[in-house]
Amino acid sequence: MHDEELLVVLHGLGGTGDIWVPGLEGHHDRWPGWWWAPDLAGHGTSGARLDGYTFGALAEDLAIRLPEARSYVVVGHSLGGVVGLGLAGLVPAVRRVVGLGIKVEWSDDELARARAMAERPVAWFETEAEAVARHRKVSGVAGLVDDQVARMGVVEEGSRWRLALDPLTFAVGRPDMAGLLAECPAEVVLARGESDHMVSEAHLRALVPAPLTLPGLGHNAHLEDPATVLSLA
């Protein structure tokens, strides 16, 4: 077991752990080399494909792969924030969870659209560039990550390309935030970018007494200003 604290950073739906790497390497020195940016099941190079994607199943898969450490701080974006809360309920050594940009209110129409996306067949592309462009759109990182990072979200099979993402992940559903928070023994911080239209401060204030709003930032605050987001850890 490593006798230090491990920083665990979790990406959002459609993303990969690599989106965190430039910010960690360029703007943070508290965890020099002792951080972990995994791909969640169904994403990137995780190699894990689940029969059904639930927040609990994603957290359980992550707990199995978690490197041993004295304690953990988890910073998760969107889907990753929900999974981080679930991980804390499974791993007592998680002492703090920062959930950034978690969409907590979902309409029936939004859930139906997500289920429809999960039912679509895998889309194939003739070139890597086409697949990368689709990955940027699906993961919501257009203009925010370089080509090297974006390429981690696609795979080549034969002479064609596809997203590494398992489409079934879109059916993960609505998070039971109240239940997750009630069962989370760790200290929790819920944060959002000021311009994040997916979650309001009022939504978060209904869950925790003092949510944080990060001025001038949007849904992908961790990419727009990594230093500010990592300082919350």
Residues of the stretch 207-221 being open to solvent by 50 Å² or more (accessible area, probe 1.4 Å) and within 20 Å of the chain's Cα centre (by Cα), in sequence order, are Leu207, Leu212
In the stretch 82-97, residues that are among the aliphatic types (A, V, I, L, M), open to solvent by 20 Å² or more (accessible area, probe 1.4 Å) and either in contact (Cβ under 8 Å) with a residue 60 or more places away in the chain or not in a helix (DSSP H, G or I) (or both) total 2
Filter the stretch 121-159 for residues that are surrounded by 14 or more Cβ atoms within 10 Å (Cβ to Cβ) and among the charged types (D, E, K, R); the one that is nearest to the chain's Cα centre (by Cα) is Arg136
So the helices (runs of 4 or more DSSP H) completely within the stretch 113-223 holding 1 or more residues that are touching a strand residue (DSSP E or B) at 6+ places or on another chain (Cβ under 8 Å) and of a type in the set (Lys, Arg) are 128-139
task: Can you confirm whether the stretch 110-120 contains a residue that is touching a Leu at 6+ places or on another chain (Cβ under 8 Å) and either free of Cβ contacts under 8 Å to residues at least 40 places away in the same chain or open to solvent by 50 Å² or more (accessible area, probe 1.4 Å) (or both)?
output: no
Report task. For Gly44, state whether it is in contact with a His (Cβ under 9 Å, 6 or more places away or on another chain), open to solvent by less than 30 Å² (accessible area, probe 1.4 Å), small (Gly, Ala, Ser) and at pLDDT 95 or above. Result -> no
Among Leu100, Leu62, Leu58, Leu79, the single one that is open to solvent by less than 10 Å² (accessible area, probe 1.4 Å), farther than 18 Å from Leu7 by Cβ and out of contact with any Ser or Thr (no Cβ under 6 Å at 6 or more places or on another chain) is Leu58
Out of (1) open to solvent by less than 70 Å² (accessible area, probe 1.4 Å); (2) touching a residue at least 40 places away in the same chain (Cβ under 8 Å); (3) over 17 Å from His77 (Cβ atoms), the one Glu187 does not meet is (1)
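The values are calculated or read from the model by the stated rules, or taken from the named source; none is laboratory data. Small disclaimer: the values here were computed from a predicted structure and weren't measured. Heads up, the Cβs are rebuilt from the backbone with ideal geometry, glycines too, and the neighbour counts pull from every protein chain shown. With ligands, DNA and RNA removed, areas are computed over all heavy atoms of the protein, side chains included. Shrake-Rupley method; radii C 1.70, N 1.55, O 1.52, S 1.80 Å.
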